[in-house]
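Throughout, read-outs are computed from the coordinates displayed, never taken from laboratory work. Every value quoted in this text rests on a predicted model; they were computed, and no experiment measured them. A quick note on method: Cβ atoms are made from the backbone with ideal geometry, for glycine too, and the neighbour counts reach across all protein chains shown.
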Amino acid sequence: MCTYQTERVTIQGSGKGTKGWFPVTDATVYFDHPVDAPMEHSLNIDFLNPSLGPSARVAVELDRESAAALSRAIGEMLASTSD
Amino acid sequence: MQGDLRAETTWLEGFGGDRIEAYLAEPLDQRPTGAMVVIHHMPGYDEGTKEITRRFAAEGYLAICPNLYTREAPGASPDDAAAAARALGGVPDERLVGDVAACVDKLRQMPQSNGRVGVIGYCSGGRQTFLAACSLPLQAAVDCYGAFVVGTPPASSPLKVGPIADKAPDLSCPLLGLFGADDQHPSPAEVQELDSILTAAGKAHEFHSYDGAGHAFFSTDRPSFRPEAAKDGWQRIWAFLAANLSA
């Protein structure tokens, strides 16, 4: 993982990990070598809850186009709806 | 050399007296031999790194790989551990040196040891290899595409690491450097700068940069794998260790 650039965000919500749902408190976003996705680099997002330990993590690894499409979709959805 | 070996998880007293996990591989041949500390890449203490550790034993060297993320993520899967360590800023330099020192002591105390120990590291482990070789009395060091020996991480990086090229006068052993010409961390310019610093310091070193290869060209389970560069790199490693770890 070697671009080393990382954005960190404090978040509030829930994620579903290997042991079921848990509250997520932090997210890290980085463009780096993936662990699993078959590509040289990927946009990686970790949804975390450090207080529950390292395994309290939901991870995704996306190619650049997918990440951009996802980002657009989130922005459009938020813009067109309200609480 | 038959390639017969034994490999197992062991535990050491690392920096600060902390108990750390490590993967130990040893050739079954009982002849006196040199030893290697294998420093894993930033993605962690994973199967690929354990495979590399076994490869040294198959070649006749004692080898040990410490799990540098033991403290942050005991028992976690390697990718979860790496994510946790990344979010916390990576491995502090002082702790790394203490953990490697524990590995070196363990290796030198083994009955087959000829007393000569080297260190090899990949990715972030490349920088840590340089750090260890400037901090501990060793006989060989192999830096595989380690970034930020010269140069600094991006401002957005959570990693609490900085350049360490000023330690070059303290380098205790010959250094073999293996790099990808397409890599940006370290970039070819940074590799050249380190080369010049070591030359100016009068330190024995041998650098090779492979065209058509970028970062992590040794990683057989990643798209970055470049078989020609990796094959040549391994041959250079074996020659380097034969020259520096033989009694």
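Please tell me the relative contact order of the range A:6-80 in percent, rounded to the nearest whole number, where contacts are Cα pairs under 8 Å and at least six residues apart. Reported relative contact order: 23 percent. With both labels modelled 7 Å from their Cα along Cα-to-Cβ, the A:D63 to A:S51 distance reads 4.0 nm. Each of A:A37, A:A79, A:F22 was scored by the projection of its Cα onto the charge dipole of chain A, and the greatest displacement toward the positive side belongs to A:F22; charges sit on the C-beta of Lys, Arg, Asp and Glu.
State the Kirkwood hydrodynamic radius of the range B:25-109 in Å, one decimal place, computed from all pairs of distinct Cα atoms. Before the final figure, lay out each step's value.
Numbers: mean 1/r = 0.0740 Å⁻¹.
Averaging 1/r across every pair of different Cα atoms and inverting gives 13.5 Å.
Each principal axis of the Cα atoms in the range B:5-244 has its own extent, and those three values, largest first, are 43, 39, 35 angstrom.
The range B:54-151: Rg/Rh from Cα coordinates, Kirkwood Rh? The partial results should precede the final answer.
Values: Rg = 13.9 Å, Rh = 14.3 Å.
Rg/Rh for the range B:54-151 comes to 0.97.
Shielding by partners for peptide A:30-40, expressed as the average number of C-beta atoms from other protein chains within 10 Å of each residue's C-beta, is 5.
Please identify every one of the trypsin sites (Lys or Arg not before Pro) in the range A:8-82 that sits in a loop by DSSP and has no more than 12 other beta carbons within 10 Å of its own beta carbon.
Details: sites: A:R8, A:K16, A:K19, A:R57, A:R64, A:R72; in loops: A:K19.
Counting only loop positions with at most 12 other Cβ atoms within 10 Å, the trypsin sites (Lys or Arg not before Pro) in the range A:8-82 are A:K19.
Look at A:L62, B:L28 and count the other Cβ atoms within 10 Å of each Cβ; fewest to most, that gives B:L28, A:L62.
Please figure out what share of the DSSP beta bridges in the range B:5-244 is antiparallel and state it in percent, rounded to the nearest 5.
On the way: 13 of 37 bridges.
Given both bridge residues lie in the range B:5-244, the antiparallel proportion sits at roughly 35 percent.
Averaging the sequence gap over all C-alpha pairs within less than 8 Å and six or more residues apart, then dividing by the number of residues, gives chain B a relative contact order of 17 percent. Residue by residue along B:83-90, Cβ atoms of other protein chains within 10 Å of the local Cβ number 6 on average. Cα-Cα pairs above 27 Å in the protein assembly as shown: how many percent? It works out to 44 percent of all Cα pairs. Expressed as a fraction of 2.2 N^0.38 Å, the value expected for a compact globular protein of N residues, the C-alpha radius of gyration of the range A:6-80 is 1.15. What separates the Cα centres of the range A:57-83 and the range B:165-241 is a distance of 39 Å.
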